[in-house]
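Below is one structure, written out as structure tokens; the observations come after it.
Each value in this text was obtained by applying a stated rule to the coordinates, not by laboratory testing. Please read these numbers as outputs of a predicted model, since none were measured by experiment. Please note: Cβ atoms are built from the backbone with ideal geometry, for glycine as well, and neighbour counts cover all protein chains shown.
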Amino acid sequence: MPFCPRAPSDRVVRSSSGEPSVVFFDMDDTIFDHSLTSRAALEVVRRREPRLATLSLDRLWRTYLDHLSAADLTLGSVGHSPAFYARARAARFRALARDAGWNCSAAEARDLSTLYRKEYLRRRRAVPGAVSLVRRVARSRPVGIVTNNQVAEQEEKLAFLGLTRSVDYLIISEAVGAEKPSREIFHAALRAARARPHEAVMVGDSWTNDVLGARGAGIRPVWFNRFGRPRPTRHRVAEVTSFRPAPPVERVLRLGPRRSAPPTR
Ligand SMILES: [Mg+2]
């Protein structure tokens with residue numbers, strides 16, 4: 001399966017006056033709030049396990065995200081089972097405990113990671129303003145999600161966010177067999193939307209995956225930089241720091257004024 005389109009996949013809007021005909025969003029930490037959900041779950045784990053409390057919540061959270069991104073780089077998102085991810089999560093907690101000066105057992109790490117996962121699922125949330133922005137954009141043109149992860153997990157997140165009907169194309173690395181920042185996954189997204197690169201815009205939080213990845217495929221990127229990070233490279237790229245309120249974001253996306261009669265879906 002070269003890509004994973006959502007119904008209705010036949011909606012093609014031709015752009016005029018430089019407006020994009022399709023808007024692609026990243027999922028994690030752009031629409032779905034992975035980072036702050038993770039922080040909230042870690043806060044519970046830290047309260048429950050004092051041996052992790054030698055690290056401040058902020059330090060614990062940043063260290064956990066570092067372990068997670070190191071694992072993402074090593075493991076990728078293609079072809080692993082849920083049991084594999086559970087083992088990887090337990091290994092991350094063992095490493096995190098070591099960072100806190102505690103040499104925990106494999107069983108203790110497993111218990112911590114199970115508690116974390118339970119709290120993560122209970123506390124998950126959307127990035128503020130993201131759901132209403134996606135719905136607003138979807139009234140005037142097709143919307144795609146281009147994301148590195150497993151199909152089942154990302155489809156479930158989309159349903160959790162209430163966006164299944166607003167998103168036309170769900171382009172997931174597991175289904176494509178290629179990950180951002182590779183051009184291949186962006187080309188799959190363009191094929192799904194029947195759009196040329198200059199007709200699309202890509203919104204995402206990752207400088208490497210979303211900004212440089214989209215640029216590499218000829219798609220205009222918009223960097224979602226809600227934590228105010230410095231730019232890793234000197235590329236001139238449009239940036240938004242919040243999705244609220246939506247109209248300034250829509251201007252950065254070059255969506256133009258809202259249409260009074262949105263196209264029939
Ligand atoms: Mg992301």
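HN-Hα J couplings of the range 147-155 from phi, Karplus 6.51/-1.76/1.60, θ = phi - 60°, integer Hz, Gly and Pro as x?
In residue order, the calculated couplings are 9, 8, 3, 8, 4, 4, 5, 6, 5 Hz.
I'd like to know which of ALA86, ALA109, VAL211 lies farthest towards the positive end of the charge dipole of the chain, counting +1 on Cβ of Lys and Arg and -1 on Cβ of Asp and Glu.
After comparing all options, I get VAL211.
Pick out, from VAL127, TYR169, LEU158, the residue whose Cα sits farthest towards the positive end of the charge dipole of the chain, with +1 on the Cβ of Lys and Arg and -1 on the Cβ of Asp and Glu.
Toward the positive end, the furthest listed residue is VAL127.
Rounded to whole Å and ordered largest first, report the semi-axes of the equivalent ellipsoid of the chain derived from its Cα gyration tensor (root of 5λ).
Equivalent ellipsoid of the chain: 35, 19, 17 Å, largest first.
Express the relative contact order of the chain as a whole percentage, based on alpha carbon pairs under 8 Å and six or more residues apart in sequence.
The normalised contact order for the chain reaches 27 percent.
Based on the Cβ-Cβ distance from ALA91 to ARG194, what FRET efficiency comes out when R0 is 51 Å, to the nearest 0.05?
About 0.75, to the nearest 0.05.
When Lys and Arg each count +1 and Asp and Glu each count -1, what net charge do the other residues less than 11 Å away from ALA90, Cβ to Cβ, add up to?
+4
Net charge near LEU57, counting Lys/Arg +1 and Asp/Glu -1 over other residues with Cβ under 10 Å of its Cβ?
+3
For the pair LEU65 and ALA152, how long in nm is the line joining their label points, each one 7 Å along Cα→Cβ?
Modelled inter-label distance: 2.8 nm.
Taking the Cα centroid of the range 104-126 and of the range 142-214, what is the distance between the two, rounded to the nearest whole Å?
Value for the Cα centre distance between the two parts: 28 Å.
Between ASP99 and ARG125, what length comes free when the chain is fully extended (0.36 nm per residue of separation minus the Cα-Cα distance, one decimal in nm)?
Computed gain between ASP99 and ARG125 is 6.6 nm.
Going from the alpha-carbon gyration tensor of the range 34-123, what semi-axes, largest first and in whole Å, does one get by taking the root of 5 times each eigenvalue?
Values for the range 34-123, descending: 19, 14, 13 Å.
About the Cα centre of the range 34-123, how large is the charge dipole given +1 on each Lys and Arg Cβ and -1 on each Asp and Glu Cβ? Please answer in debye to the nearest 20.
That gives the range 34-123 a dipole magnitude of about 220 debye.
How high is the FRET efficiency from ALA107 to HIS235, r the C-beta distance, R0 45 Å, rounded to 0.05?
With a Förster radius of 45 Å, E is 0.45.
What residues have an amide H closer than 5 Å to that of ALA238, excluding those fewer than 5 places away on the same chain, when H is modeled at 1.01 Å from N in the peptide plane?
Those qualifying (amide H under 5 Å, at least 5 residues apart or on another chain) are TRP223.
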